[in-house]
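The values are calculated or read from the model by the stated rules, or taken from the named source; none is laboratory data. In this text, all values refer to a predicted model and were calculated from it rather than measured experimentally. Cβ: placed from backbone, ideal geometry, glycine included. Neighbour counts: every protein chain shown. SASA here: full protein model, heavy atoms, side chains in, ligands and nucleic acids out. Shrake-Rupley method; radii C 1.70, N 1.55, O 1.52, S 1.80 Å.
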Amino acid sequence: MTYECICGYVYDESAGDPEHGIAPGTKWKDLPDDFVCPACGLGKAEFVQP
């Protein structure tokens with residue numbers, strides 16, 4: 001599944017975000033509650049499923 005921030009950054013569970021310390025296969029629900037968009041700094045609540 002993918003989740004998109006309103007700024008356009010897309011988090012893909014299968015790819016993770018190794019550049020920011022998130023291993024491939026990390027589920028959205030398993031990201032910490034204080035996860036923020038690495039592109040703009042907004043929180044998880046600002047992400048939507050496209």
Size of charge dipole - the chain - debye, nearest 20, with Cβ of Lys, Arg +1 and Asp, Glu -1, no other charges | 80
With the full set of protein chains in place, find how many percent of the accessible area of the chain is carbon and sulfur; take the probe as 1.4 Å.
-> 54
Which of the following values of Cα Rg over 2.2 N^0.38 Å was calculated from the structure shown: (i) 2.24; (ii) 0.99; (iii) 1.17?
-> (ii)
